[in-house]
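First the structure, in the form of structure tokens, and then the observations on it.
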Protein chains: 2
Amino acid sequence: MYYVSESVVQQTVSQEQVTAAVEHAYTAYATGDAVNFPVVRETLDYADAIFGFKSGFDKSGPVLGVKAGGLWPGNRAKGLANHQSTICLFDAETGSPHALVRGTYLTALRTAAASALSIRHLAKNDAERLGIVGAGGQSEYQIRAALSEREFRTIRIADHNRDQAGQLKQQLDDIDGELIIVDPETMAKESDVIITVTPSREPILKADWIQPGTHLACMGADTKGKHEVDVEIVSNASVFGDDPAQAVTIGEKD
Amino acid sequence: MYYVSESVVQQTVSQEQVTAAVEHAYTAYATGDAVNFPVVRETLDYADAIFGFKSGFDKSGPVLGVKAGGLWPGNRAKGLANHQSTICLFDAETGSPHALVRGTYLTALRTAAASALSIRHLAKNDAERLGIVGAGGQSEYQIRAALSEREFRTIRIADHNRDQAGQLKQQLDDIDGELIIVDPETMAKESDVIITVTPSREPILKADWIQPGTHLACMGADTKGKHEVDVEIVSNASVFGDDPAQAVTIGEKD
């Protein structure tokens, strides 16, 4: 039985490894080798927390596991991440557990892998202008992973909280490419690839801001009621979902 | 972070402790302090396994946890229990995990606690004759826990597999009270308290075998499609369920 702490995960796992693993899992899911089990996601009515489980099985591994955790909004004040998650992996041959892996950092990398893979396979090859709406804790991961997929020369950051946008810019001061803080409209009009990664419950991006051929990676709407982009954007776009059944129930436009 | 192995659980946890904990949890559930989250239970299409999760939160603890595991029918041949389960407990204040506890033995005690508590609170005080249908791995626990609740003088064991019934009788040769192997009809007609603990998908007990005032603890029907007792028994009885919503969807008579 292994226990892998957050610090061991941070020291040993790279974004590239996670992106490759997520690509493998998406392929296994698309070919029917992997399944997702129903998602459990519940308000706890305690500590303002949302708690739940995501689980699945990839026969091609075989890999059987569950990720348990959720959102504890009071954690930041205690010096902890608001998103907490823990992965338990089982031996698919016997059902006995073989590892408990802290999943908060892995979840950040996994979420970044999802938009990076969408850029790898779906964005224009000559995309040069990256835009992001949302400058929260996840945004740095999304941008760094995206930079591995295309040679972005400019990165436009939009967030209603300008301080947070400034902080994100500072965190990224080692990267090539120009970082520009703008409003959502300018970001949307001047980007070839747009990542949305906010907790918004109202559309932030309007349909007529989006230029033809733009690739949007919509990451934020992971719960019923969340909503980042105009319905018209979704209905005009070619839509790709990693898990269509799940996207229909808890994705954009509930 | 604690890891508690099966052998540590077996050395440190008693049936009495588990029965008391389950009674506390039922009370918390009945008063609204505790909730169950939706049950996930899926066939794995691998190793003939059934896998899933049961999870819940007891605010009065607070105790937040998930039990993951299921049934791996090929395990016995490998020297492992067919039922595998693992409990992950979380800090309800922050969502971080604090213990991983192997749950196979605990599940056996918990299941025994459920029928023992039903006997404690619902069976006739002067019940002397215990009956059980099903002599599988769980039956010894059910009988030992029941013996703490009433002074049973006779224990009638029914199982279509006579060898298994004989084995169970041997396992229990230290107890007070006479052990008698009988057919289900005789067991039902000559028992004040009946425990059903089989994987049956067809009713085993007929309504006209059951004497007035008999207490039935129906443990086996934990999945859609399982069925141990005549529909008429259920419709004639005063029915008590620990979790009515769950009992209606995955209990007796689907």
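The values are calculated or read from the model by the stated rules, or taken from the named source; none is laboratory data. For clarity, every value in this text was computed on a predicted model and none was experimentally measured. As a convention, Cβ positions derive from the backbone with ideal geometry for all residues, glycine included, and neighbour counts pool all protein chains shown.
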Selection within region B:222-237 - of a type in the set (A, V, I, L, M) and either touching a residue at least 40 places away in the same chain (Cβ under 8 Å) or touching a strand residue (DSSP E or B) at 6+ places or on another chain (Cβ under 8 Å) (or both): B:Val229, B:Ile233, B:Ala237
Residue that is farthest from B:Ile50 (Cα to Cα), among those in region A:16-35 that are among the polar types (S, T, N, Q) and surrounded by fewer than 16 Cβ atoms within 10 Å (Cβ to Cβ): A:Gln17
Residue in region A:121-133 that is at pLDDT 95 or above and closer than 21 Å to A:Val13 by Cα present: no
Unique residue being more than 10 Å from every other protein chain (Cβ to nearest Cβ) and either under 23 Å from B:His83 (Cβ atoms) or at pLDDT 95 or above (or both) when the list is A:Ala34, A:Ala49, A:Ala30: A:Ala34
Tally of residues being assigned to a loop (DSSP other than H, G, I, E, B) and of a type in the set (A, V, I, L, M, F, W, C) across region B:43-68: 3
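Quick grid of which residues meet (1) out of contact with any helix residue (DSSP H, G or I) (no Cβ under 7 Å at 6 or more places or on another chain); (2) assigned to a strand (DSSP E or B); (3) farther than 29 Å from B:Phe51 by Cα:
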| site | (1), (2), (3) |
| --- | --- |
| B:Asp173 | yes, no, yes |
| B:Ile195 | no, yes, no |
| B:Ser235 | yes, no, yes |
| B:Gln246 | yes, no, no |
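The rows are residues; the columns are (1) more than 17 Å from the chain's Cα centre (by Cα); (2) not small (Gly, Ala, Ser).
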residue	(1), (2)
B:Met187	yes, yes
B:Glu190	yes, yes
B:Ser200	no, no
B:Ala217	no, no
B:Ala245	yes, no
In region B:197-213, residue surrounded by the most Cβ atoms within 10 Å (Cβ to Cβ) [restricted to those that are among the small types (Gly, Ala, Ser) and assigned to a loop (DSSP other than H, G, I, E, B)]: B:Ser200
Tally, over region A:91-119, of residues that are within 14 Å of the chain's Cα centre (by Cα) and not β-branched (Val, Ile, Thr): 13
Number of positions in region B:52-65 that are farther than 19 Å from A:Val66 by Cα and within 7 Å of another protein chain (Cβ to nearest Cβ): 2
Residue under evaluation B:Leu80, criteria (1) at pLDDT below 95; (2) under 21 Å from B:Ser118 (Cα atoms), criterion not met: (2)
Residues (polar (S, T, N, Q) and away from chain B (no Cβ under 14 Å)) located in region A:94-117: A:Thr111, A:Ser115
Among residues of region A:33-86, those that are polar (S, T, N, Q) and farther than 25 Å from A:Thr249 by Cα, counted: 2
Residue that is modelled with the lowest pLDDT [pool: residues in region B:211-232 that are in contact with a helix residue (DSSP H, G or I) (Cβ under 6 Å, 6 or more places away or on another chain) and of a type outside the set (Lys, Arg)]: B:Thr223
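Per-residue answers, yes or no, for (1) outside the structural domain of B:Ala221 (by TED's automatic domain parsing); (2) surrounded by fewer than 16 Cβ atoms within 10 Å (Cβ to Cβ); (3) modelled with pLDDT under 95; (4) among the aliphatic types (A, V, I, L, M):
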{"residue": "B:Leu147", "(1), (2), (3), (4)": "no, no, no, yes"}
{"residue": "B:Arg150", "(1), (2), (3), (4)": "no, no, no, no"}
{"residue": "B:Asn161", "(1), (2), (3), (4)": "no, yes, no, no"}
{"residue": "B:Val182", "(1), (2), (3), (4)": "no, no, no, yes"}
Some residue of region B:81-93 being assigned to a strand (DSSP E or B), surrounded by fewer than 18 Cβ atoms within 10 Å (Cβ to Cβ) and either among the acidic types (Asp, Glu) or at the interface with chain A (Cβ under 10 Å from one of its Cβ atoms) (or both): no
Residue match in region B:126-142 (condition: farther than 30 Å from A:Asn82 by Cα, of a type in the set (Val, Ile, Thr) and more than 14 Å from chain A (Cβ to nearest Cβ)): yes
Leading residue by the ranking (surrounded by the most Cβ atoms within 10 Å (Cβ to Cβ)) among those in region A:66-80 that are more than 9 Å from chain B (Cβ to nearest Cβ) and under 19 Å from A:Ala108 (Cβ atoms): A:Lys67
Residue within region A:145-166 that is under 22 Å from A:Gln17 (Cβ atoms), hydroxyl-bearing (Ser, Thr, Tyr) and in a helix (DSSP H, G or I) present: no
Condition broken by A:Phe240, with the remaining ones in (1) touching a residue at least 40 places away in the same chain (Cβ under 8 Å); (2) more than 19 Å from the chain's Cα centre (by Cα) satisfied: (2)
Test: B:Leu117 is free of Cβ contacts under 8 Å to residues at least 60 places away in the same chain, of a type in the set (A, V, I, L, M, F, W, C) and not assigned by TED's automatic domain parsing to the domain that holds B:Ala68: no
